[in-house]
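S.K.: Mind looking over this structure? Questions follow.
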Amino acid sequence: MNVPLIIEGKQPLSGEIEVSPAKNAVLPVMVASLLTKEPVTIENVPRLRDIEVLLDLLAHLGTRYAWEGRSLHLHTPEILRTDAPYELVSKMRASFIVLGALLARTGEGSVSMPGGCAFGPRPVDLHVKALRKIGAEVNEEGGTFFARRARAFRGRVVFDIPTVGGTEQVMLATALGDGEVTIVNAAQEPEVEDLGRFLTMLGATVVGAGTSQVYIRGARALGGGRHRVIPDRIEAGTYLLAAAATRGRVTLQNANPHHLDALLDKLAESGHRILFGQDWIQLEATAEPRPFNLEAREYPGFPTDLQPVATAYLATVPGVSLVSDRVYPDRFTHVGELARMGAELSLKDHVLAVRGHKLHGAEVRAFDIRAGGALVVAALAAEGESVIAGTEHLERGYEALEAKLRALGARTRRAEPLVQDAAD
Ligand code: EPU
């Protein structure tokens with residue numbers, strides 16, 4: 001529903017909510033279901049637009065799926081098509097990893113260049129280079145990559161940058177078949193580790209997923225099974241930052257504190273009281289927080305997906321904070337919008353200086369999922385009413401956002417579409 005979200009701010013968030021399962025863990029597991037003829041069930045899947053987009057693509061390729069409450073049953077007895085066309089791939093970058101799964105299952109595949117969040121260049125060159133390295137022929141023609149398995153996938157892939165999607169791509173390509181591949185400088189994100197657990201359950205040999213070196217040995221055939229994905233650390237981080245920005249007190253259930261070490265450390269440095277157990281986190285905000293500097297990096301560093309949200313929080317903290325992003329150095333689409341709410345921000349040489357003080361409500365627009373998260377946090381902390389357009393981005397990544405915010409005492413409602421939405 002592309003209707004602006006209205007938030008009346010200055011209400012400290014208070015209460016307890018449950019964190020949803022991780023979108024970025026569910027998506028690769030859904031793609032991995034293409035590797036087996038047997039049925040697979042993913043339990044407790046978040047109802048998000050990105051999940052629906054990937055289901056459309058899987059259905060196109062031959063997957064039959066059914067929802068049973070929040071469980072998603074996926075079954076691909078046969079691959080019906082090996083092409084992932086533009087209209088299905090352009091909506092979400094994560095869909096590019098179906099290429100690896102198609103190569104593993106059928107020996108060929110073609111995938112259009114992906115779309116997704118527009119916060120700077122997000123190439124797929126490392127995916128292509130890695131697939132070529134292990135034994136695929138990959139050609140690009142008219143914006144589509146055509147790939148073929150020339151031999152059983154073997155060898156070592158050394159990534160220049162630890163790419164999440166690239167690591168998942170190679171794991172998917174190798175898990176089914178006679179291949180054996182080692183990935184060096186692999187992405188260590190918990191979502192990669194979760195994919196490793198799922199592939200192991202299906203019958204592949206995966207060692208080291210979640211570390212910088214991953215070894216994968218394929219199986220001739222993979223089985224089925226049930227899987228429960230990890231909690232969404234980015235959603236959890238967004239609510240913690242919202243609690244801090246509104247000087248509230250929030251408890252998150254179904255949250256893994258160890259996946260959020262970098263954020264929790266910064267929030268503690270800022271003066272907030274953090275308590276946690278195995279699967280919960282509580283933040284009690286200090287009334288006088290301190291600023292901090294942050295540089296977003298790959299896991300286990302500070303997550304780039306929380307950089308915009310943390311920037312919104314820092315915009316409420318007196319003093320100067322410096323923010324930069326090594327993963328996406330230009331991920332600053334939220335800056336102009338935060339400025340409309342009174343944030344004092346100046347960007348120079350990819351470093352954002354944030355001078356925090358009181359924010360006020362304004363009409364703003366989200367240009368991607370996490371920029372949307374940032375605007376929500378700023379609006380919650382701001383004096384007066386904010387109208388956030390571009391809510392379709394929020395719906396891609398934050399399950400039941402308004403219900404969760406309201407459970408924490410936030411005052412939110414939906415508006416009539418803004419005039420400019422008519423041109424979308
Ligand atoms: N990169 C290349 N070439 C490639 C692939 C990546 O240069 O072929 C670069 C990227 O431009 C970036 C860095 O490598 O600078 C890391 O990108 P990565 O491949 O790790 O990102 P991704 O797999 O496309 C996932 C998440 C993103 C998250 C990034 C970084 C999913 C579905 N998406 O993307 O999440 O920002 O990792 O942590 O897992 C979101 O949820 O809002 C989101 C955008």
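The values are calculated or read from the model by the stated rules, or taken from the named source; none is laboratory data. Please read these numbers as outputs of a predicted model, since none were measured by experiment. For neighbour counting, all protein chains shown are included, and Cβ atoms are generated from backbone atoms with ideal geometry for every residue, glycine included.
S.K.: Please return the ranges of strands (runs of 3 or more DSSP E) entirely within the range 32-81 where 2 or more residues are among the aliphatic types (A, V, I, L, M). Reasoning before the result, please.
M.R.: Values: elements: 40-43, 64-68, 71-75.
It comes to 40-43, 71-75.
S.K.: Quick one: would you say G142 is of a type outside the set (K, R), modelled with pLDDT under 95 and either away from the ligand (no atom under 16 Å from the Cβ) or touching a helix residue (DSSP H, G or I) at 6+ places or on another chain (Cβ under 7 Å) (or both)? Full working, then the answer.
M.R.: Numbers: of a type outside the set (K, R): yes; modelled with pLDDT under 95: yes; either away from the ligand (no atom under 16 Å from the Cβ) or touching a helix residue (DSSP H, G or I) at 6+ places or on another chain (Cβ under 7 Å) (or both): yes.
Against the criterion (of a type outside the set (K, R), modelled with pLDDT under 95 and either away from the ligand (no atom under 16 Å from the Cβ) or touching a helix residue (DSSP H, G or I) at 6+ places or on another chain (Cβ under 7 Å) (or both)), G142 qualifies.
S.K.: From the list F302, F276, exactly one residue is out of contact with any Cys (no Cβ under 9 Å at 6 or more places or on another chain) and free of Cβ contacts under 8 Å to residues at least 24 places away in the same chain. Which is it? Walk me through it before giving the result.
M.R.: Details: F302 fails: free of Cβ contacts under 8 Å to residues at least 24 places away in the same chain.
Within the list F302, F276, the selection yields F276.
S.K.: Out of the residues in the range 292-335 that are over 16 Å from I369 (Cβ atoms) and among the aromatic types (F, W, Y), which is farthest from the ligand (Cβ to nearest atom)?
M.R.: Filtering first and then ranking leaves F292.
S.K.: So G342 passes all but one of these: (1) small (G, A, S); (2) touching a strand residue (DSSP E or B) at 6+ places or on another chain (Cβ under 8 Å); (3) not in a loop (DSSP other than H, G, I, E, B). Which condition number does it fail?
M.R.: Of (1) small (G, A, S); (2) touching a strand residue (DSSP E or B) at 6+ places or on another chain (Cβ under 8 Å); (3) not in a loop (DSSP other than H, G, I, E, B), only one is false for G342: (3).
S.K.: Exactly one condition in (1) away from the ligand (no atom under 14 Å from the Cβ); (2) more than 11 Å from L34 (Cβ to Cβ) is not met by H75; state its number.
M.R.: Only one criterion in (1) away from the ligand (no atom under 14 Å from the Cβ); (2) more than 11 Å from L34 (Cβ to Cβ) is unmet by H75, namely (2).
S.K.: Show me the helices (runs of 4 or more DSSP H) entirely contained within the range 96-215 in which 1 or more residues are more than 21 Å from the chain's Cα centre (by Cα) and more than 20 Å from T76 (Cβ to Cβ).
M.R.: By residue number, 125-134.
S.K.: Let me ask you something else. Looking at L252, L240, L263, L275, can you tell me which residue is away from the ligand (no atom under 16 Å from the Cβ), in a helix (DSSP H, G or I) and within 30 Å of T211 (Cβ to Cβ)?
M.R.: Working: L252 fails: in a helix (DSSP H, G or I); L263 fails: away from the ligand (no atom under 16 Å from the Cβ); L275 fails: in a helix (DSSP H, G or I).
Step by step, each of L252, L240, L263, L275 is checked, and only L240 is away from the ligand (no atom under 16 Å from the Cβ), in a helix (DSSP H, G or I) and within 30 Å of T211 (Cβ to Cβ).
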